[in-house]
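Chemist: To start, I am sharing the structure in question, which I have written as structure tokens.
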Amino acid sequence: MKKAEAESARLLHQYGIEAPPVDVHRLARALGIDVQLERLDRSVSGMLVRSPSDDAAVIVVNGQHADVRQRFTIAHELGHFLLHRGRPVIVDHLTRAHVNMRDETSSLATSTEEIAANQFAASLLMPTDWVTSAINSLDHLSSSRQVAALASTFDVSEQAMEYRLINLGLRAAP
Ligand SMILES: [Zn+2]
């Protein structure tokens, strides 16, 4: 299991979360992270700002984005918080372009971190075994209705769910 997947599973287990939708606001509070909704530039999905000692952090989310997008952003920033210590400020853009205030020349490391944070977010909001058992109960539906039903159950966008299903090998890539 990848580290991001393992960390998200550990977090859900630690807080006794056993069914969708995952309450990312509750998880952030439990980790001592303040979540603030702000009017940010349309291209910015959110950011993680933390103290040098790692004992205080704030996730700022673009409050103008759809609720499902905000949930994914919070989960993504929780991934940075748990997986990428020692980064005082991380700003995330919708384009997946990424600015790291301390280390902006290291684009390879940066994109590796973005991939890990996205894996963390996807597996936190859509854990493999939950998705597998949920899709098994939707056998009677067409695949597009399955995606819509799953997205609603997990409170994620249909796009995020579709992508997750492809990554889990539960659906062929288009
Ligand atoms: Zn990021």
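Chemist: Could you list E162, E77, E38 in order of exposure, starting from the residue whose Cβ has the fewest other Cβ atoms within 10 Å?
Modeler: E38, E162, E77
Chemist: What does the net charge come to around A28 if you take all other residues with beta carbon closer than 14 Å to its beta carbon, with K and R at +1 and D and E at -1?
Modeler: Working: positive: R26, R29, R50, R71; negative: D23, D34, E77.
With Lys, Arg at +1 and Asp, Glu at -1, the net is +1.
Chemist: What is the antiparallel percent of DSSP beta bridges lying wholly in the chain, to the nearest 5?
Modeler: For the chain, the DSSP antiparallel bridge percentage is about 70.
Chemist: Next question. Can you give the angle from 0 to 90° between the axis of helix 107-125 and the longest principal axis of the chain, with both taken from C-alpha atoms, to the nearest 10?
Modeler: 50
Chemist: Another question, if that's okay. Evaluate the relative contact order of the stretch 126-174 (contact order divided by residue number), counting alpha-carbon pairs under 8 angstrom at least 6 apart; express in whole percent.
Modeler: 33
Chemist: Taking the 0 to 90 degree range and rounding to the nearest ten, how far is the long axis of helix 67-83 tilted relative to the main principal axis of the chain, both from C-alpha atoms?
Modeler: 60
Chemist: Give me the angle, in degrees from 0 to 90, between the Cα long axis of helix 3-14 and the longest principal axis of the Cα atoms of the chain, rounded to the nearest 10.
Modeler: The helix 3-14 is inclined about 80 degrees to the chain.
Chemist: Any chance you could check the Cα centroid distance between the stretch 19-84 and the stretch 153-174 for me, in angstrom?
Modeler: Each part reduced to its Cα centre gives a spacing of 22 Å.
Chemist: Let me ask something additional. With contacts defined as alpha carbon pairs under 8 Å and 6 or more residues apart, what's the relative contact order of the chain in percent?
Modeler: Rounded, it is 23 percent for the chain.
Bear in mind these aren't lab numbers, they're just calculated from the coordinates by the rules spelled out. It should be emphasised that the depicted structure is a prediction, and the values quoted were computed from it without experimental measurement. Neighbour counts run over all protein chains shown; Cβ positions are idealised from the backbone, glycine included.
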